[in-house]
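Please read the structure below before turning to the comments.
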Amino acid sequence: MILRLTGGAALASAFLVLSCAGGLAQGMGNLAGNVAAGYDRYSVESKSADLWNASGSAVLTLDNPGADIQVNFGNSAVTTPASKKAAGTSTDQWAYGGDAYWRDYAGEFGVNATENTISTGAGKDYLSGGFFGEFYALSDLTLRAKGGRLQGDVDGWYGDSGLVFYPLDAVAISITGDYARLQHNGPQLTDGAFSIEYLPVRDVPISLSLGYTYARYQRLAGSFGGDANIFMVSLKAYFGGGGRNGGLADYQRNGATNWDGAPAALIAATF
């Protein structure tokens, strides 16, 4: 049996964890991580969908520089409104997995494995796995790349690249390009994403992110064919990994990595 968590419940539970995690931001030693809650709005031609998501990651740093071991968890609740031709739908995706990677002053490189369960119909299960890496090119610039495969009820592969620019300690600007292809006459995804993250109070490490993704789904049956506009808003709480300055670059380079796994926009193609 698959436990169903509605969008409102997913968001409410994540906000509860957010408020608790904010108080744990300091003094975590070799343990760091983050929890997040957000809302995405998918607009695909004349159709739309609402996606509520909650996620969390925790990393144990074995040595610095050195090896890191991380665990991840996520839930996405997707709803589509009813129309004259079809009833509304509600679908959950659960994801849990982990990372093993090396991190030092120049960047990080490692592997990710994530088990995914989708509650649509009889349900789907698939495993995604691959490599990822980040290069800290400058104190205010990170370059990124990753790629991997999906196997199980959903088969395919993905590749992604991007960068993060930190114009201020409290601001992170992210630009990403993704490509994915699902096999067995599945869809092809090409997208470009832009987001800006802001940390308003340094002593309270909870950030606000706004983002936009333009995605092209080709040969996709069902609700998500064609061009998609995806608007995103989220809150994220960091614990541990704040470093000397306590800015976003410190939290993202010393805490749990979020540059791992398949691209976020691929979720619509797996239903």
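FYI, it's all coordinate maths here, none of it is from the lab. Keep in mind that what you see is a predicted model, and the values were worked out from it rather than measured. No Cβ is skipped: glycine too gets one built from the backbone with ideal geometry, and neighbour counts run over all protein chains shown.
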Give the cross-link partners of K47 among the aspartates and glutamates, using a straight C-alpha distance below 13 Å as the criterion and excluding same-chain residues fewer than 8 apart.
D227
Ordered by fewest other Cβ atoms within 10 Å, a rough proxy for footprinting exposure, D260, D140 read D140, D260
Just add up the charged neighbours of Q151: K/R +1, D/E -1, any other residue whose Cβ is under 14 Å from the Cβ of Q151.
-1
How far is it, in nm, from the label point at D104 to the one at Y212 when both lie 7 Å from their Cα along the line to the Cβ?
4.1 nm
Extension length gain for I175 and L60 (0.36 nm per residue less Cα distance), in nm, is 38.6 nm
Simple spin-label estimate for D155/V71, 7 Å along Cα→Cβ, in nm, reads 3.2 nm
Residues W157, W259, sorted so that the one with the fewest Cβ neighbours within 10 Å comes first
W157, W259
With label points set 7 Å from each Cα along the Cα-to-Cβ direction at Y96 and D140, the distance between them in nm comes to 4.2 nm
If you rank E115, E134, E108 by fewest surrounding Cβ atoms within 10 Å, what's the result?
E115, E108, E134
Considering only the other residues whose Cβ falls under 12 Å of the Cβ of I69, what net charge follows from Lys and Arg at +1 and Asp and Glu at -1?
-2
For segment 88-213, just say rounded, prolate or oblate: build the C-alpha gyration tensor, square-root its eigenvalues into a ≥ b ≥ c, call rounded for a/c under 1.5, and beyond that prolate if a/b exceeds b/c, oblate if not.
prolate
